[in-house]
Amino acid sequence: MYIGLISDTHGVFTDDIREFLSPVDEIWHAGDFGGGLSLAWEISQFKPLVGVCGNADEYNLRYDYPPYRFFEREGQGILMTHIGGYPRHYNVAAEQLIRQCRPTIFVCGHSHILRVMHDDFYDMMVLNPGACGQQGFHLSRTALRFRLDKDGLHDLEVYDIPR
């Protein structure tokens, strides 16, 4: 399965991001859609979408995109939440979910900082695609895409373009 991973769109889903994500089978969005349900709907019409709400999202979006999701793809357990952190620096709520769900892949957003790391303690990959929107302090817009199978994720590609 070919996955596209984005976060912190803050109301923007530009043509360059669409082009980067055009070959993927499914898009994962780690929160802060911005633009309410209309942007989520726009992305879901482009590709199948799995997402969570972020701290800046409208309340009505939370009915379809809850604060966290634990789901399975290709035999991998994926935990997704907006505010998560990274190894040894997890948000308290995120670490509780990690302990409860025991994912093989942990996905978060919020920081606007691209991070791809392995957490040796929890034996999971930690993915934060950074921010592909225009709002925030980040200097470049980023997104990820990768292949996912029973052995994990591979062929990871980074989209990185100056704002």
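The values are calculated or read from the model by the stated rules, or taken from the named source; none is laboratory data. Small disclaimer: the values here were computed from a predicted structure and weren't measured. All Cβ positions, glycine included, derive from the backbone under ideal geometry; neighbour counts span all protein chains shown.
Of a type outside the set (Phe, Trp, Tyr) and either more than 27 Å from ASP151 (Cα to Cα) or without any contact (Cβ under 8 Å) to a residue 24 or more places away in the chain (or both), is that true of ALA93?
yes
Please specify each residue of the range 133-151 satisfying the condition of being at pLDDT 95 or above and out of contact with any Leu (no Cβ under 8 Å at 6 or more places or on another chain).
Once the filter is applied, which keeps residues that are at pLDDT 95 or above and out of contact with any Leu (no Cβ under 8 Å at 6 or more places or on another chain), the range 133-151 yields LEU148, ASP149, LYS150, ASP151.
Just to verify a result, which residue in the range 89-114, among those that are of a type in the set (Val, Ile, Thr) and surrounded by fewer than 20 Cβ atoms within 10 Å (Cβ to Cβ), is farthest from LEU153 (Cα to Cα)?
VAL92
Restricting to strands (runs of 3 or more DSSP E) lying wholly in the range 103-163: which have 1 or more residues that are among the basic types (Lys, Arg)?
The strands (runs of 3 or more DSSP E) meeting that bar are 114-119, 140-149.
Only one residue in GLY109, GLY77, GLY84 is over 30 Å from ILE161 (Cβ atoms) and of a type outside the set (A, V, I, L, M, F, W, C). Which one?
GLY77
State the number of residues belonging to the range 58-88 that are crowded, with 19+ Cβ neighbours inside 10 Å, out of contact with any strand residue (DSSP E or B) (no Cβ under 6 Å at 6 or more places or on another chain) and over 16 Å from ARG99 (Cβ atoms).
3
Could we say that TYR86 is within 22 Å of SER140 (Cα to Cα) and either more than 12 Å from the chain's Cα centre (by Cα) or among the basic types (Lys, Arg) (or both) here?
Against the criterion (within 22 Å of SER140 (Cα to Cα) and either more than 12 Å from the chain's Cα centre (by Cα) or among the basic types (Lys, Arg) (or both)), TYR86 qualifies.
Show the residue pairs meeting these rules: Cβ distance below 6 Å; 6+ apart or different chains; first residue within the range 110-132 and modelled with pLDDT of 95 or more; second residue part of a strand (DSSP E or B) and charged (D, E, K, R).
VAL126/ASP119; ASN128/ARG115
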